[in-house]
Amino acid sequence: MINVAIIGCGHGGQALAADLSQKGCKVSLYAHPDHPGGIAAIAKARGIQGKGLINQFVPIARVTTDLQQAMEQSEYIFLVLPSYAHEAMFIEMLPYLKPGQTVITLAANFASLSYLKLLEKTGKMADIDMIDIASLPYVCRSDNAGTVEIIAVKKKLAVASIPAAAIHKHIRKLGPVFPCQMITYQDVLSLGMNITSGMTHPAITLLNAGRIGKGKEVFYFYKDGITPEIASVIERLDAERLRIGQRLGLEMYEYLDLMAEYYGTRYESVYQFFRESPAHNALPLCPSSLQERYITQDVAGLMVPWYGLGKLVHSESFVMGNLINIASLLNNTNYLRTGLNLARLNLHDKTIEEIMQYVTYGRLSASLSPYDICSGHLKQPACQTTCFGNVA
């Protein structure tokens, strides 16, 4: 039995708690006292009522608003939160983290790099593994407290870790219970540059701002929000992202190839994908305002670091920069300043070579032994599996 803590009680946290519990994991589900969500209803029922793909009541071993209690016996700690809450939540977790625990962030948006900067100040860095997962594995919703509907599950999801070589031992342990196949990337920077939500959401949201900004119109976000012109913007954005990653020497994949891996269906164009994808068009999924995660998470937490890395390698990012500026204007927020910029990732003062060492080992070569560099791991003997991705 694997002991896990799930930090976050929104629709994603409830879906993961129900799924892992019914697969035999001992789950501690935590909600922050300031954002309790449906935790009271779940605690009263002692479980979650599943609908859709998990159409049953699932008991949850522990339901709590006590963070220390949730974490104390957990081998794996899943953060299932909006990306803007990752760093603040990790700071609250720091006093309770123990050697040998692993922190896993879903919809990570470079989360492990922001945590690494905090761990360096505590001396716990060599004792904690961190895993980034590209997105939530489910298409799901929770309309009532204590009830979650899982509509679809992705076929595959990309994962990477710090230290980079640690990912394989964790996949061996988590693979039997995780809801979909995990595809390994060589490092968390490569993973972050291939997270698809930065291409999926911002352009459609911003270029439908007149409809969304009214706060009243409900439409099918993907099939009704896309036009050939907006699809062209997304394709140009994807080309910029690919060029930045390639100049950094990262493992990069085109948007449509990634979506084919995740959802199991290949489309000929971005326009066709958004118009016809069943998983994306089962529900309207339209944001109610421009202050929701399609901007606050995907612009601030993905496009901003992409743009910063583009500046570092002198790669033109005309579309990316303009989308960030439009989002900043509409929401009266300077996302280049407040978002996940390179300073917050502790990459702003490093060369490209130093960045690659940092994301691979969690520190620079001056503090690495020859053994560390050969093994690719800071804590244990070298992993026997090559740490390169296998996205087709």
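The values are calculated or read from the model by the stated rules, or taken from the named source; none is laboratory data. This one's a predicted model, so the numbers in the text were calculated from it and none came from an experiment. Cβ placement follows ideal geometry from the backbone for every residue including glycine, while neighbour counts extend to all protein chains displayed.
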Residue list for the range 48-65, restricted to those being assigned to a strand (DSSP E or B) and surrounded by fewer than 22 Cβ atoms within 10 Å (Cβ to Cβ): Gln49, Lys51, Gly52, Phe57, Val58, Pro59, Arg62, Thr64
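May I ask you to list the residues in the range 23-43 that are in a helix (DSSP H, G or I) and surrounded by 18 or more Cβ atoms within 10 Å (Cβ to Cβ)? Spell out the reasoning first.
First, pick out the residues of the range 23-43 that are in a helix (DSSP H, G or I): 39-43.
Ile39, Ile42, Ala43, listed by residue number.
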When the range 134-143 is checked residue by residue, the ones that are surrounded by fewer than 23 Cβ atoms within 10 Å (Cβ to Cβ), touching a residue at least 24 places away in the same chain (Cβ under 8 Å) and either within 11 Å of Ala107 (Cα to Cα) or not aliphatic (A, V, I, L, M) (or both) are Ser135, Leu136, Arg141, Ser142
Only one of Leu237, Leu258 is within 30 Å of Lys350 (Cβ to Cβ), in contact with a Leu (Cβ under 8 Å, 6 or more places away or on another chain) and either modelled with pLDDT of 95 or more or not assigned by TED's automatic domain parsing to the domain that holds Tyr185 (or both); which? Leu237
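Name the one entry in Gly192, Gly146, Gly198 that is in contact with a Gly (Cβ under 6 Å, 6 or more places away or on another chain), buried (at least 20 other Cβ atoms within 10 Å of the Cβ) and of a type in the set (Gly, Ala, Ser).
None of the other options fit; the residue is Gly146.
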Does at least one position in the range 316-336 carry a residue that is within 19 Å of Thr196 (Cα to Cα), modelled with pLDDT of 95 or more and out of contact with any helix residue (DSSP H, G or I) (no Cβ under 8 Å at 6 or more places or on another chain)? yes
Small (Gly, Ala, Ser), at pLDDT 90 or above, under 25 Å from Ser289 (Cβ atoms) and in contact with a Ser or Thr (Cβ under 9 Å, 6 or more places away or on another chain) - does that describe any residue in the range 163-186? no
Quick one: which of Leu237, Leu189, Leu250, Leu256 is without any contact (Cβ under 8 Å) to a residue 60 or more places away in the chain, aliphatic (A, V, I, L, M) and at negative phi? Leu256
Tyr222: within 30 Å of Glu149 (Cα to Cα), of a type outside the set (D, E, K, R) and assigned to a loop (DSSP other than H, G, I, E, B), yes or no? yes
Pull out all pairs, ordered by first then second residue, where Cβ-Cβ is under 9 Å, the residues are six or more apart or on different chains, the first lies in the range 220-233 and is at pLDDT 95 or above, and the second is buried (at least 20 other Cβ atoms within 10 Å of the Cβ) and among the small types (Gly, Ala, Ser). Ile230/Ala203; Ala231/Ala203; Val233/Ala203
So is Gly249 at pLDDT below 90, surrounded by fewer than 16 Cβ atoms within 10 Å (Cβ to Cβ) and not aromatic (Phe, Trp, Tyr) or not? no
Answer with yes or no whether Val139 is out of contact with any Phe, Trp or Tyr (no Cβ under 8 Å at 6 or more places or on another chain), closer than 25 Å to Leu302 by Cβ and assigned to a strand (DSSP E or B). yes
So Ala152 fits all but one of (1) of a type in the set (A, V, I, L, M, F, W, C); (2) crowded, with 21+ Cβ neighbours inside 10 Å; (3) not in a loop (DSSP other than H, G, I, E, B); what number is the exception? (2)
Answer with yes or no whether Ser135 is touching a His at 6+ places or on another chain (Cβ under 8 Å) and of a type in the set (S, T, N, Q). no
Answer yes if at least one residue in the range 68-79 is out of contact with any strand residue (DSSP E or B) (no Cβ under 8 Å at 6 or more places or on another chain), closer than 21 Å to Tyr294 by Cα and either exposed (fewer than 15 other Cβ atoms within 10 Å of the Cβ) or not polar (S, T, N, Q) (or both), and no otherwise. no
All positions within the range 306-345 that are crowded, with 22+ Cβ neighbours inside 10 Å, within 18 Å of Ile295 (Cβ to Cβ) and of a type in the set (A, V, I, L, M): Met320, Leu323, Ile324, Ala327, Leu340
